[in-house]
2 protein chains.
Amino acid sequence: MQNKVNRCEAKPVFFNSLNNEQLKTVNASRFVVHFKAGETIFKQGSALTHIIYIIEGKTKVLLEDSNNRTILLKILKQPDIIGGPGFSTDYRHHFSVVALEDTKTCFIDVILFKRLVLSNQPFAMSLIAYLNHEIIDLFDKLKDLTNKHMNGRLADTLIYLSDDVYQSPEFTTLLSRSDIANMSCMTNESVIRTLKDFKADGIINCKGSYFKILKKDVLLDISKKG
Amino acid sequence: MQNKVNRCEAKPVFFNSLNNEQLKTVNASRFVVHFKAGETIFKQGSALTHIIYIIEGKTKVLLEDSNNRTILLKILKQPDIIGGPGFSTDYRHHFSVVALEDTKTCFIDVILFKRLVLSNQPFAMSLIAYLNHEIIDLFDKLKDLTNKHMNGRLADTLIYLSDDVYQSPEFTTLLSRSDIANMSCMTNESVIRTLKDFKADGIINCKGSYFKILKKDVLLDISKKG
DNA sequence: AAAACAAAGTGATATATATCAACAAATGAT
DNA sequence: ATCATTTGTTGATATATATCACTTTGTTTT
């Protein structure tokens, strides 16, 4: 891990409610860290000492359990903030974050972050709104992953990648088949087989890391039906 | 639904960080509502107008999806607060709450609640901590429900009921087999069969609504192994 | 108490999905 | 370029779990 200290170029939407003086304090202590593809930005269970802002690059968020099973929860990229529910609870990380490509991040001391929350009500309120959005997303994830069958779950993953991560019906992904499996709660082999089915039905086209969604309406329908 | 207006006798832990003046404001506007067993306290999708504090009685929290499948997320009882992630986002309920027995609740206007959050930093911070705990619980739920097999999931449910809800190895529950199924993401029939297996193995005893956990260590082991 | 209804329980069968084993293709190292 | 290693792919088989049809038990209603 390279550890180049310099200024952040970008500013997260999240920090909009800070005043100039507060922004100056943040600027004074924050530092940039570069991660190479495959490197772990932080590991589940470790101490939460900084709130991390992604300046550049895509990262995957992993929920790991004691039996070596992993859920790939989501993909984070600029201007996402990586905090995690350890903030103001046990100050530990409850998921791991791994860089999918070379990634540039900005570290903000969590003690400073807490001071900002305590001294700026709109900032606190926007954090509360953010956390509630996270909870809504987790509700949806819980429903999708437990109630839907493989086809529906894989359709969800493909729609998520296309709409949210790559913002295009056509994309080349850094995710392996196993990553896609971990996102969709299925095995490697089942992902491959189901992708093959989708391809045979003319819903998508894919080869290796290349994906193209041909019939989004059908995919949405599969997602809805579960 | 009866709608008897009077004072709340109990005060949630949650409101500890309020000062006297703020408590007075809350007291002035809050009102008590009684629900009978089976009645819906609020329905998923409806407007979030009040934060509800449970004074007495047990309620179930239901996550409903568009295909009529339901997850029973948890059981709430005094001194739990029912707010939900609609607060400061879309001001809608993202789950339904149904009374399992006669339940006494205290309604607090959500606009007043928001004012309190904005005017009292420690209160805001304790809300943030609460939301983060909720997220940690959801992470665990997500991992448990997607990674574990039936035995492990049902073991989790039994441990939850014994430890958290009834706080005794022996309890008579208001939950039906279907409720237990919805908590454990399995069918009615599978719950019955698995309970029978546990009984045959001397891990639990149960008959109708009566449950007794005989070998908690074994149950914990089943839960861990998944 | 009888009837009606809901909830609990059982067995047979179907189905979704994982597992295993083997191989092909792509990628990286020497 | 060749070998080694990982990643992707395929087919055969095993297994967990749902579904369906039915019986039994318990609980409310008249």
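Here are some notes:
- Selection from segment B:187-205 of residues that are over 17 Å from B:Met150 (Cα atoms) and near DNA strand C (Cβ under 8 Å from one of its atoms): none
- Some residue of segment A:72-89 being open to solvent by 10 Å² or more (accessible area, probe 1.4 Å), in a loop (DSSP other than H, G, I, E, B), of a type outside the set (Phe, Trp, Tyr) and more than 29 Å from A:Met125 (Cβ to Cβ): no
- Any hit, segment B:157-180, residues being within 11 Å of DNA strand D (Cβ to nearest atom), of a type outside the set (Gly, Ala, Ser) and open to solvent by less than 80 Å² (accessible area, probe 1.4 Å): no
- Considering segment A:163-222, and only residues there that are in contact (Cβ under 8 Å) with a residue 40 or more places away in the chain and charged (D, E, K, R), the residue that is farthest from A:Lys74 (Cα to Cα) turns out to be A:Asp197.
- Filtered residues of segment B:107-156 (kept if open to solvent by less than 30 Å² (accessible area, probe 1.4 Å) and β-branched (Val, Ile, Thr)): B:Ile108, B:Val110, B:Val117, B:Ile128, B:Ile135, B:Ile136
Table: residues versus (1) in the same structural domain as A:Val218 (by TED's automatic domain parsing); (2) closer than 28 Å to A:Ala37 by Cβ.
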{"residue": "A:Leu72", "(1), (2)": "no, yes"}
{"residue": "A:Thr89", "(1), (2)": "no, no"}
{"residue": "A:Phe95", "(1), (2)": "no, yes"}
{"residue": "A:Leu100", "(1), (2)": "no, yes"}
{"residue": "A:Asp109", "(1), (2)": "no, yes"}
{"residue": "A:Leu118", "(1), (2)": "no, no"}
{"residue": "A:Gln121", "(1), (2)": "no, no"}
{"residue": "A:Ala124", "(1), (2)": "no, no"}
{"residue": "A:Tyr166", "(1), (2)": "yes, yes"}
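- Filtered residue count, segment A:92-120, keeping only those that are assigned to a strand (DSSP E or B) and at the interface with chain B (Cβ under 10 Å from one of its Cβ atoms): 1
- Here B:Leu219 meets each of (1) more than 15 Å from DNA strand D (Cβ to nearest atom); (2) open to solvent by less than 20 Å² (accessible area, probe 1.4 Å); (3) more than 28 Å from A:Asn68 (Cα to Cα) with one exception, condition (3).
- Residue match in segment A:206-215 (condition: away from chain B (no Cβ under 14 Å), more than 15 Å from DNA strand C (Cβ to nearest atom) and either under 22 Å from A:Val97 (Cα atoms) or not in a strand (DSSP E or B) (or both)): yes
- Every residue from segment B:121-141 that is over 30 Å from B:Arg153 (Cβ atoms) and either facing another protein chain (nearest Cβ under 9 Å) or among the β-branched types (Val, Ile, Thr) (or both): B:Gln121, B:Pro122, B:Ala124, B:Met125, B:Ser126, B:Leu127, B:Ile128
- Any hit, segment A:34-51, residues being surrounded by 18 or more Cβ atoms within 10 Å (Cβ to Cβ), assigned to a loop (DSSP other than H, G, I, E, B) and modelled with pLDDT of 95 or more: yes
- Sole residue being out of contact with any Phe, Trp or Tyr (no Cβ under 9 Å at 6 or more places or on another chain), farther than 25 Å from B:His93 by Cα, within 14 Å of chain B (Cβ to nearest Cβ) and within 16 Å of DNA strand C (Cβ to nearest atom), chosen from A:Ser184, A:Ser178: A:Ser184
- Boolean, B:Thr59 is over 12 Å from the mean Cα position of the chain (by Cα) and β-branched (Val, Ile, Thr): no
- Residue that is farthest from the other protein chains (Cβ to nearest Cβ), among those in segment A:153-174 that are within 13 Å of DNA strand C (Cβ to nearest atom) and out of contact with any helix residue (DSSP H, G or I) (no Cβ under 7 Å at 6 or more places or on another chain): A:Thr172
- Enumeration of residues in segment B:181-207 that are farther than 19 Å from B:Gly152 by Cβ and either open to solvent by 80 Å² or more (accessible area, probe 1.4 Å) or within 13 Å of DNA strand D (Cβ to nearest atom) (or both): B:Lys207
The values are calculated or read from the model by the stated rules, or taken from the named source; none is laboratory data. These numbers were taken from a predicted model, which means no experiment stands behind them. Every residue, glycine as well, gets a Cβ built from its backbone with ideal geometry; the counts of neighbours run over all protein chains shown. Calculation scope for accessible area: heavy atoms of the full protein, side chains included, ligands and nucleic acids excluded. Shrake-Rupley method; radii C 1.70, N 1.55, O 1.52, S 1.80 Å.
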